[in-house]
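Trainee: Submitted below is the structure of interest, expressed as structure tokens.
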2 protein chains.
Amino acid sequence: MPNYKLEISYDGNRYYGWEHQPDQPMTIQGKIETVLARMLSPEEGKPGEIPKVIGAGRTDAGVHARAMVANVVMEPDRTPEEIQDYLNRYLPDDISVNDVRIASDRFHARYNVIRKTYCYSLYCGHSKPVFDRKYVTVLDEAPNLQKMQEAAEYLKGTHDYKSFCGNSKMKKSTVRNVEEIRFEGNWPRVKIYYTGSGFLQNMVRILTGTLLEVGYGRLQPEDMERILEAKDRRQAGPTAPPEGLMLMRIDY
Amino acid sequence: MPNYKLEISYDGNRYYGWEHQPDQPMTIQGKIETVLARMLSPEEGKPGEIPKVIGAGRTDAGVHARAMVANVVMEPDRTPEEIQDYLNRYLPDDISVNDVRIASDRFHARYNVIRKTYCYSLYCGHSKPVFDRKYVTVLDEAPNLQKMQEAAEYLKGTHDYKSFCGNSKMKKSTVRNVEEIRFEGNWPRVKIYYTGSGFLQNMVRILTGTLLEVGYGRLQPEDMERILEAKDRRQAGPTAPPEGLMLMRIDY
């Protein structure tokens, strides 16, 4: 059976994250699998077998994706374009399938990831972000961006990011490589782009929350070394809200 | 008392339009007047006199504004910046006051308008517009843009736009000057900018609905002359949906 590669955008606001959960209808993976099961159904009205949609990673509840990548192995009775059109017709407005193509049998959306890029969007001004209010985090006071950039330099590289991991029961390695933390724009809109080999649970949000602590002077840029060293979640800053975070791009 | 000039953005989706209506709490004007009344209240908890906020024009239910202009004459006990901050604190997330300044006593937000610019946003593609889905009109099939542009040439100029007026009881002149109808972008996203001295009720939406009829071949560009001539709403196309329309700019 062919292996289809999908590229998906979604507004995470209504969802409990990407990953399918039992008894939780509002997940992106769950929505896509349900529509595919209907598409593959042998008879009208009877649910077909549910194909397993493998995402490049999990996004937290409320986090958005401009280009999540997934793969699914299933019956070849429709063209990629027909599959895309079927999904877009039956998926809700806040999930779009932007591309469907046949990938190599060996393609695995999670194992083959080389690099992911996330963007965290901040807003701070006398006005309010009316039209993108669901996709930014609004700050009451402007943090010091230069201090945040200094702190970001310490957080780049290959480190054990245990202090920045939201899963306290994580048993596997918490070492990751963060290639780049890049600031773009100026107030009222600042975006922070994070590119790396992979990110732990909540990691981009905890990195952002910690950088904001630096921006507000509650931590110093050089404290980042100590926090990494501590391998203790309590040393890092709070987890920034999910709505400002967007998965931008995945490289294979 | 000083005359304050306000610039306001709003997402029209939840509202019954700009204009205050009796027994209808969900209007933009009504929301702003309510917050100003609270600000001007002589005592905590007691509503003050409701100041009259004069908008540059009415937007229909569901229509958005990037920069509506309004003026309001009221007590001078706060600075423009304090007024802006107060409004933004108490107005809902989907209304933002972007600027407050003291204008000349003679400034009237409606009578002094020289020119308004609206933008109608269309989307047509195999994907869906997830992040701006509330601000575009999605088309199932792509209309012919060149035919639409040809038709737009007939609709520019100074004409009696009675055929494009949603108010059949309109007693005043329906002559307006449309300086420009400009197309921007290509599929999946096309924007049509309308600039003119003023627009009748639903006029931009009826112009857009009529241009779409041309784009789908149900009308020819040269039919526009006949439709203008007829001064009969039934000759023009349908009223395009409100969510694709945004008031962009007002010149004084």
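Trainee: Using a Förster distance of 56 angstrom, determine the FRET efficiency expected from the C-beta separation of B:His108 and B:Glu229, and round it to 0.05.
Mentor: Working: r = 34 Å, r/R0 = 0.61.
Step by step, r from the Cβ atoms, then E = 0.95.
Trainee: Over region A:115-251, how many pairs of lysines fall under 20 Å by alpha carbon, counting only those 8 or more apart in sequence or from different chains?
Mentor: 16
Trainee: Dividing the Cα radius of gyration by the Kirkwood radius, what Rg/Rh value follows for the protein assembly as shown? Provide the component values of the computation, followed by the final result.
Mentor: Values: Rg = 26.5 Å, Rh = 25.8 Å.
Using Cα coordinates only, the ratio equals 1.03.
Trainee: Calculate log10 I(q)/I(0) of region A:1-123 for q = 0.09, 0.10, 0.18, 0.20 Å⁻¹, where I(q) comes from the Debye formula with a single equal point scatterer on each Cα and nothing for solvent.
Mentor: Summing over Cα pairs of region A:1-123 leads to -0.24, -0.29, -0.96, -1.18.
Trainee: Right, next: Rounded to whole Hz and in sequence order, give me ³J(HN,Hα) for region A:223-232 from the Karplus expression 6.51 cos²θ - 1.76 cosθ + 1.60, θ = phi - 60°, writing x for Gly and Pro.
Mentor: Once rounded to whole Hz, the list reads 5, 4, 4, 4, 5, 4, 4, 5, 6, 9.
Trainee: Once both labels are modelled 7 Å past Cα along the beta-carbon direction, what's the A:Asp23-B:Glu150 spacing in nm?
Mentor: For A:Asp23 paired with B:Glu150, the spin-label model returns 6.3 nm.
Trainee: Show me the three semi-axes of the equivalent ellipsoid for chain A, from the C-alpha gyration tensor (sqrt of 5 times each eigenvalue), largest first, rounded to whole Å.
Mentor: On the way: eigenvalues 258, 80, 45 Å².
Semi-axes (√(5λ), whole Å): 36, 20, 15.
Trainee: How far is B:Asp105 from the same spot in each other copy, in nm, shortest first, if each label point sits 7 Å from Cα toward Cβ?
Mentor: Ordered by increasing distance: 8.7 nm.
Trainee: Per the Kirkwood definition applied to all pairs of different Cα atoms, how many angstroms is the hydrodynamic radius of region B:117-187?
Mentor: Details: mean 1/r = 0.0682 Å⁻¹.
For region B:117-187, inverting the mean 1/r across all distinct Cα pairs yields 14.7 Å.
Trainee: Taking R0 as 60 Å, what's the FRET efficiency between A:Lys191 and B:Val175 from their Cβ-Cβ distance, rounded to 0.05? Present the calculation step by step, with values, prior to reporting the outcome.
Mentor: On the way: r = 47 Å, r/R0 = 0.78.
Efficiency computed from Cβ-Cβ geometry: 0.80.
Trainee: Follow-up. Taking B:Ile50 in one copy and the same position in all the others, each labelled 7 Å out along Cα→Cβ, what are the pairwise distances from the first, in nm, shortest first?
Mentor: Output for B:Ile50: 5.1 nm, nearest copy listed first.
Trainee: Further question on the same structure: Put a label point 7 Å from Cα along the Cβ direction on B:Gly185, then list its distances to the equivalent points in the other copies in nm, shortest first.
Mentor: Spelled out, the distances from B:Gly185's label point are 1.7 nm.
Trainee: For the residue pair B:Arg182 and B:Arg14, what label-to-label distance in nm results when each label sits 7 Å from Cα along the Cα-to-beta-carbon direction?
Mentor: Reported label-point gap for B:Arg182 and B:Arg14 is 3.3 nm.
Trainee: For the pair B:Thr79 and B:Tyr252, what calculated FRET efficiency results from E = 1/(1 + (r/R0)^6), where r is the Cβ-Cβ distance and R0 = 25 Å, to the nearest 0.05? Present the calculation step by step, with values, prior to reporting the outcome.
Mentor: Numbers: r = 22 Å, r/R0 = 0.90.
FRET efficiency, B:Tyr252 to B:Thr79: 0.65.
Trainee: Given the rotation relating A and B, tell me which residue in A puts its Cβ closest to the axis and the distance in Å.
Mentor: A:Asp132, 4
Trainee: Let me ask you something else. Note down, for region B:115-251, the three equivalent ellipsoid semi-axes (square root of 5 times each alpha carbon gyration tensor eigenvalue), biggest first, whole angstrom.
Mentor: On the way: eigenvalues 111, 56, 34 Å².
Equivalent ellipsoid semi-axes, largest first: 24, 17, 13 Å.
Trainee: Convert each backbone phi in region A:57-69 into a coupling constant with the Karplus relation 6.51 cos²θ - 1.76 cosθ + 1.60 (shift: θ = phi - 60°), then list the ³J(HN,Hα) values in order as whole Hz, x for Gly and Pro.
Mentor: Per residue, the Karplus-derived 3J(HN,Hα) values read x, 9, 9, 5, 3, x, 8, 9, 9, 7, 8, 6, 10 Hz.
Each value in this text was obtained by applying a stated rule to the coordinates, not by laboratory testing. As the structure is a prediction and not an experimental result, all values here were calculated from the model. Glycine gets a Cβ as well: all are built from the backbone with ideal geometry, and neighbour counts include every protein chain shown.
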